[in-house]
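Colleague: First, the structure itself, so that you have it in front of you.
The values are calculated or read from the model by the stated rules, or taken from the named source; none is laboratory data. Since the structure is predicted, the reported quantities are computational estimates derived from the model, not experimental observations. No Cβ is skipped: glycine too gets one built from the backbone with ideal geometry, and neighbour counts run over all protein chains shown. Surface areas here come from the heavy atoms of the whole protein model, side chains and all, with no ligands, DNA or RNA. Shrake-Rupley method; radii C 1.70, N 1.55, O 1.52, S 1.80 Å.
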Amino acid sequence: MKSLLLIVATLMNASAAFAAGTGEHSHDEMEVGRPGIEAEVTRTINVRMYETEDGEYLYEPRDLAIKAGETIRFVIVNDGESPHEFVLDTMPKNEEHKALMEKFPEMEHDDPNAVRLEPGKEGTIIWTFANSGDFEFACLIPGHYEAGMFAPVAVN
């Protein structure tokens, strides 16, 4: 048992060192941008998460257009009856994350580009869109994306 604990501790330390990177860039910098600073917010976008009577899981607004360099305060409200997520990233990264969520549906997140909200709750993400491109926000809880819970974000 002691050797198993030692192996697990070694692997965890190796994973943490790998995740920390080389120090050449911010750990929080992503293709979609980076966590923003309150003082630099250029506008606020209210996002509503909800379900429809016919089984769709949706966001409002359904798409966004943002200028590169903008810092946005997202105020996200879960008006639905189920827990929902708002995960802002590239489409391939969200697809990768969604596949992981299918294996581990109760996985907890502590990412600056994401928030998981219970029904009736509200959360805030402040984000700086440093790069142009096509991104999305999505709910990666199993079945939610397939029910329509994703929206494109065009940054130019």
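Colleague: Are any of the residues in the stretch 125-134 farther than 19 Å from GLY33 by Cβ and surrounded by 14 or more Cβ atoms within 10 Å (Cβ to Cβ)?
Modeller: no
Colleague: Could you please tell me which pairs satisfy a Cβ distance under 6 Å, a separation of 6+ or placement on different chains, a first residue in the stretch 103-124 that is in contact (Cβ under 8 Å) with a residue 24 or more places away in the chain, and a second residue that is part of a loop (DSSP other than H, G, I, E, B) and open to solvent by 100 Å² or more (accessible area, probe 1.4 Å)?
Modeller: PRO119/GLU81
Colleague: When the stretch 50-96 is examined, which residues are found to be of a type in the set (A, V, I, L, M) and closer than 16 Å to ALA154 by Cα? Steps first, please.
Modeller: Taking the stretch 50-96 and keeping what is of a type in the set (A, V, I, L, M), we get 58, 64-66, 68, 72, 75-77, 87-88, 91.
Residues satisfying the conditions are LEU64, ALA65, ILE66, ALA68, ILE72, VAL87, LEU88, MET91.
Colleague: Separate question: So how many residues does the stretch 35-78 have that are in contact (Cβ under 8 Å) with a residue 40 or more places away in the chain and closer than 17 Å to THR124 by Cβ?
Modeller: Within the stretch 35-78, residues that are in contact (Cβ under 8 Å) with a residue 40 or more places away in the chain and closer than 17 Å to THR124 by Cβ number 21.
Colleague: I'd like to verify a number: residues in the stretch 135-156 that are in a strand (DSSP E or B), small (Gly, Ala, Ser) and surrounded by 15 or more Cβ atoms within 10 Å (Cβ to Cβ), how many?
Modeller: Going through the stretch 135-156, the residues in a strand (DSSP E or B) turn out to be 135-138, 150-155.
Within this subset, residues satisfying the condition of being small (Gly, Ala, Ser) are 138, 151, 154.
When the remaining residues are screened for being surrounded by 15 or more Cβ atoms within 10 Å (Cβ to Cβ), the result is 138, 151.
Result for the stretch 135-156: 2.
Colleague: So, one more: From the list GLU81, GLU96, exactly one residue is open to solvent by 30 Å² or more (accessible area, probe 1.4 Å), acidic (Asp, Glu), within 22 Å of THR52 (Cβ to Cβ) and over 10 Å from the mean Cα position of the chain (by Cα). Which is it?
Modeller: Working: GLU96 fails: within 22 Å of THR52 (Cβ to Cβ).
Going through GLU81, GLU96 in turn, just one is open to solvent by 30 Å² or more (accessible area, probe 1.4 Å), acidic (Asp, Glu), within 22 Å of THR52 (Cβ to Cβ) and over 10 Å from the mean Cα position of the chain (by Cα): GLU81.
Colleague: Also, I was wondering about something else. Scan the stretch 41-82 residue by residue and report those that are assigned to a loop (DSSP other than H, G, I, E, B) and in contact with a His (Cβ under 9 Å, 6 or more places away or on another chain).
Modeller: Here is the first cut: in the stretch 41-82, the ones assigned to a loop (DSSP other than H, G, I, E, B) are 41-42, 52-56, 61-63, 67-70, 79-82.
Matches in the stretch 41-82: SER82 only.
Colleague: If GLU40 passes every condition in (1) at pLDDT 50 or above; (2) exposed (fewer than 10 other Cβ atoms within 10 Å of the Cβ); (3) over 23 Å from ALA138 (Cα atoms) but one, which one does it miss?
Modeller: All conditions pass for GLU40, except number (2).
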